[in-house]
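J.: The structure under discussion is supplied below as C-alpha cells; questions concerning it will follow.
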Amino acid sequence: MNALHALRPIRSHAGTWLRARCARLLAAVLLGPGALAGAQASAPPNLLSTVLRQHTAVMLFVEPDSGRIVDANAAAERFYGFGPRGLIGRGIDEINTLGADEVAAERSRAQAEQRNYFVFPHRLASGEIRTVEVHSSPIRLYDGKNVLFSIVHDITGKEVAADELLAYKSRLEELVTQRTREAVDAQQRTGYILAGALLAQLAVIIALAASAIRHRRTARELKRREQQLSTLIDNLPDVVQLKDDKGRWQRANRYALELFGLENVDYHGLTDTELCARQDGSRRALLGHGRSDEAAWAAGGAQRSEESVPTPDGQTLLFDVIKVPLFHADGRRNGLLSIGRDITERRRAESEVARLAYYDPLTNLPNRRLVLDRLGHALAVARRSGHYGALLLIDLDYFKTLNDARGHEMGDRLLKAAGERLAEGLRESDTLARFGGDEFVLLLPEISPHQQLAADMARGAAEKTRNLLGKPFDLGGEQITIGASIGVSIFPATQSGDVSELVKQADTALYQAKAAGRNAVRFFEPEMQARAEMRFTLEAELRQAIDNNELRLYVQPQFDGQQRMRGAEVLLRWHHPRRGLIWPGSFVPIAEETGLIVELGDWVLRRACGMLTRPELAEGTLRISVNVSPRQFHHAGFVARVRDILAETGADPARLTFEVTEGLVIDKVHQTVATMSELNALGIHFSVDDFGTGYSSLAYLKRLPIQELKIDRSFIQDAPSDPNDAALVDTILSIAAHLHLDVVAEGVETEAQAAFLATRAPMLYQGYLYARPEPEESFLARLRDASRR
C-alpha cells in the first residue's frame with residue numbers, strides 16, 4: 001500500500017501556499033485526530049478529494065531513515081520530470097543537491113519536529129536546478145508506518161523577506177501547536193472509544209450505544225473538517241470554482257469572486273451569461289470560459305490550458321487552468337471543478353529571461369547563441385531537402401578606429417543604425433544577428449536547389465549588404481561613412497561538416513576579404529569565388545551588350561517530310577569582344593534573374609519581326625518562332641510592347657510563333673490564358689516548347705489557345721532503339737492529333753531518327769541533320785540563293 005493510498009482521504013492537494021508546518025496540520029485536518037495514531041476515518045466529500053488530487057502543489061512521502069521516496073503525487077511527477085511513478089524508490093539526496101550528510105541531518109530535524117521549513121536547491125530530471133521551499137512534518141500512516149510528509153513549492157527567482165517569513169512561521173507554529181493538542185486529545189478519546197468497544201462485547205446494548213456515539217462524533221468531526229477545508233480553500237491565492245452539470249455556479253472561493261467582480265453578488269445557481277448581465281465590468285472575462293468548459297466535458301477527464309482573463313481595470317491576466325469534469329456512477333454529468341493559478345508574472349519573467357539569453361541588448365537582434373541554433377537547424381534542413389543556403393559573416397571596416405576617435409557611445413549608435421539598415425528587406429526565413437563586437441551574421445536558408453545558382457544569389461545578397469553599409473550614416477548630425485568586409489560560405493558543402501566548421505569557413509572568407517583591401521566580398525571555396533566573380537562581371541557586361549551591338553541573331557530552319565523549309569526558330573547569341581561567342585546557357589539565367597531578360601526579349605522580337613519584312617521572307621509563308629521567357633511574358637505591358645514592335649516593323653503577326661515552356665503556361669493560368677488570347681487575336685501562334693519534360697497535363701492543354709507542340713530532343717535521341725522513348729513520342733503525337741495541334745520534332749540528328757518519325761505522323765523536323773543554327777545574314781543569303789535557282 002503506497003502512502004497516497006494509505007492517506008486516501010488526502011490523495012490530492014489542499015493548498016501549497018500555507019507555510020511552516022501545514023503538512024502535519026493538513027494531515028490532522030483531513031484525517032481527523034485519529035489519523036496520526038493510525039485510526040480509521042471516513043473519506044471527505046468529493047469536492048475535498050478532487051481539489052487535493054488536481055491541485056498543482058508538489059507532495060512527497062519520504063522514509064525518515066533511508067531518505068527513500070515512498071510516494072508522490074502527479075504534480076511532483078510533472079515538476080521533477082521523471083514520469084509517472086518515476087520518483088518512487090529514489091533517494092531524496094538524488095534530487096537535493098546538498099551533501100548526503102547534510103540532507104540526512106535536515107531529515108532528522110524534520111522527524112524530531114525541531115524544524116519544519118527548509119529552502120533547498122533541487123535538481124529536475126532535465127538537470128535544471130530549481131530553488132524550492134519545503135514544508136515537512138512527520139505523520140503516521142494507517143498501517144503504522146512513519147513517514148515525512150513534504151509539500152514543495154518552486155520559489156526560483158523569488159525572494160522572501162526574513163521578517164515576513166518569521167512572522168508567518170510564528171503564526172503557523174501557534175496554529176500547529178493548537179492543532180497538535182487537539183490531535184493528542186483526539187488520540188486519548190480514540191483510546192477511550194476502543195476501550196468502550198472491548199467492553200461492548202460484554203453487552204450488546206453498550207456496544208450499540210458506543211457505536212451511536214462514535215457515529216455522532218464522526219459526523220461532527222467531518223463537519224468541522226469541512227469547515228476548516230472551506231477556510232483553507234477560501235484563502236488560497238488561486239481560482240477555485242465549482243459548477244453543476246448545467247454550468248451553474250455552485251461554489252467559488254474569495255479569489256475567484258474578487259477576480260470576476262462578484263464579491264457582493266449572489267452567484268449560486270447562475271450561469272456565466274446570467275452573471276455577465278449583472279456584472280458589466282466582468283462580462284468579457286466570464287464569457288471567455290464557456291468554450292474551455294465544453295472542451296473538458298468532451299474530453300471526459302482533466303484538461304489543462306492557459307486562459308487570458310481581462311479584468312475590470314483593463315489589465316489582462318494569464319492563468320494556468322485545470323478543469324475536471326465530475327460524473328455520476330452511471331456516467332451522467334455531475335459537476336465541473338476549475339482550478340486556476342495566475343502565471344502572468346512568471347510568463348513575463350520567462351519572456352524577459354529568453355530575450356536576455358537570445359537577443360543582443362544593444363541592437364535587439366538575435367545574438368550568437370540564437371543564430372548558431374538556427375544555423376544548426378538550417379543545416380539539417382538543407383541536408384534533408386537538398387536546398388543550399390548561405391552564411392554571410394559581416395565585419396564593419398575600421399570600427400575600432402571610430403570607437404577610439406569618437407568614443408564607445410558613438411560606436412554603439414553606429415552598431416544600432418547598421419543593424420536597422422541591414423534588417424531592411426530580409427525574407428521571413430532569414431536571420432540577421434549580432435555575432436559580437438562589430439560583426440554581424442546574415443543567415444539565408446534554402447536559397448536554391450542548385451549550388452551554383454545559390455552561390456550567385458548569395459553573391460547578390462552580399463553585394464547588396466555591402467552597398468547598404470557603404471552609404472553614410474547620420475548619427476546626431478554627423479555623417480559617418482564605413483565599409484564592410486563580408487565572408488560567404490555556402491552550405492551544406494559536405495554531409496559531415498557541422499555548424500562550427502561552417503562558421504570557420506565564413507570567417508576564413510572574411511579574412512580573405514580583409515586581406516584584399518577590405519570593403520569586399522569573398523567566398524570560402526576558391527572555385528565558387530571565381531564563378532561568382534565571373535557571374536558578377538557577366539551581369540555588368542551584359543547590361544552593355546545591347547548598346548555595344550554585341551548581340552547576334554541566329555536562325556535554325558524547320559523542314560517538312562519532303563525537306564521543304566516551312567519555318568525557322570530564331571536564337572540569341574552573345575559575341576563578346578574578349579570572350580568570343582557566349583552560348584545562351586551562360587547568360588540567359590543571369591538575365592532572367594536580374595530582369596534583363598525583358599530587354600533582351602524585346603531585342604530578339606524586334607529583330608525577328610524585322611527579318612519577316614526583308615525581301616527574302618516578305619512574299620513567302622515561312623513562319624518565324626521566337627522563345628518567350630516566363631518573366632518576359634508576365635511582365636506588365638507585354639502585349640502592348642508586342643503591338644508596338646509589330647507596328648514599328650510592319651511584320652505580319654500571322655507568321656509569328658511564340659514558343660513558351662510548360663512551366664510558364666501553368667503559372668498564373670487565368671492571367672496566362674488571357675494574355676495568350678489577346679496575342680492570338682493579333683494572329684500570333686503559340687507553341688509549347690520541350691513538351692513532356694515539365695508538367696504536361698491535358699487539363700491545361702484544353703484550356704490554352706495553342707497551335708503547336710515541340711517534342712523535346714531528349715525523347716527523339718533514343719526513340720528508334722528505346723521502346724520507352726518510342727512510346728512517349730507516340731503518346732505526344734496521339735495527344736497532338738486529338739487536339740488538332742501541329743508538331744515539331746526538335747533535335748533530329750540522324751537518318752534513323754528521321755525515319756522513325758516519318759512512319760508516325762506528319763510533322764516538321766528541326767535539327768543538325770537538316771541545318772545547324774546560323775547567323776541571320778547567312779540564313780537570308782541562303783534564301784536568296786534558293787530563290788534564284
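J.: Just checking, how many residues over segment 253-278 are under 19 Å from Ser308 (Cα atoms), in contact (Cβ under 8 Å) with a residue 12 or more places away in the chain and of a type in the set (A, V, I, L, M, F, W, C)?
T.: 5
J.: Sticking with this structure for a sec: Taking the condition surrounded by 13 or more Cβ atoms within 10 Å (Cβ to Cβ), assigned to a helix (DSSP H, G or I), among the basic types (Lys, Arg) and touching a residue at least 60 places away in the same chain (Cβ under 8 Å), does Arg383 pass?
T.: Considered against the rule, which asks whether it is surrounded by 13 or more Cβ atoms within 10 Å (Cβ to Cβ), assigned to a helix (DSSP H, G or I), among the basic types (Lys, Arg) and touching a residue at least 60 places away in the same chain (Cβ under 8 Å), Arg383 comes out as yes.
J.: So, of the residues in segment 74-97 that are in contact with an Asp or Glu (Cβ under 8 Å, 6 or more places away or on another chain) and not β-branched (Val, Ile, Thr), which turns out to be nearest to Gly157 (Cα to Cα)?
T.: Phe79
J.: Kindly check whether there is at least one residue in segment 756-764 that is at pLDDT 95 or above and either among the charged types (D, E, K, R) or touching an Asp or Glu at 6+ places or on another chain (Cβ under 7 Å) (or both).
T.: yes
J.: Still on this structure: Out of the residues in segment 220-241 that are at pLDDT 75 or above and of a type in the set (D, E, K, R), which is nearest to the chain's Cα centre (by Cα)?
T.: Result: Asp238.
J.: Still on this structure, please answer the following. Being out of contact with any Pro (no Cβ under 7 Å at 6 or more places or on another chain), of a type in the set (A, V, I, L, M, F, W, C) and touching a residue at least 40 places away in the same chain (Cβ under 8 Å) is the requirement here; does Ala758 meet it?
T.: yes
J.: Under the condition of being in a strand (DSSP E or B) and out of contact with any Phe, Trp or Tyr (no Cβ under 8 Å at 6 or more places or on another chain), which residue from segment 447-491 is nearest to Gly376 (Cα to Cα)?
T.: Checking each candidate, the answer is Ile486.
J.: Select from segment 719-777 the residues that are of a type in the set (Ser, Thr, Tyr) and not in a loop (DSSP other than H, G, I, E, B) and write down the one among them that is nearest to Val604 (Cα to Cα).
T.: So, considering only residues that are of a type in the set (Ser, Thr, Tyr) and not in a loop (DSSP other than H, G, I, E, B), the one nearest to Val604 (Cα to Cα) is Tyr765.
J.: Follow-up question, since we're still on this one. Could you please find all residues in segment 424-460 being surrounded by fewer than 22 Cβ atoms within 10 Å (Cβ to Cβ) and of a type in the set (Gly, Ala, Ser)?
T.: Answer for segment 424-460, where residues must be surrounded by fewer than 22 Cβ atoms within 10 Å (Cβ to Cβ) and of a type in the set (Gly, Ala, Ser): Gly425, Ser429, Gly436, Gly437, Ser448, Gly460.
J.: Also, quick follow-up: Residues in segment 686-701: is at least one hydroxyl-bearing (Ser, Thr, Tyr), in contact with a Ser or Thr (Cβ under 7 Å, 6 or more places away or on another chain) and part of a loop (DSSP other than H, G, I, E, B)?
T.: Yes, segment 686-701 has at least one match.
The values are calculated or read from the model by the stated rules, or taken from the named source; none is laboratory data. Just so we're clear, the structure is a prediction, and the values are computed from it rather than from any experiment. Every residue, glycine among them, receives a Cβ derived from its backbone with ideal geometry; neighbour counts consider all protein chains shown.
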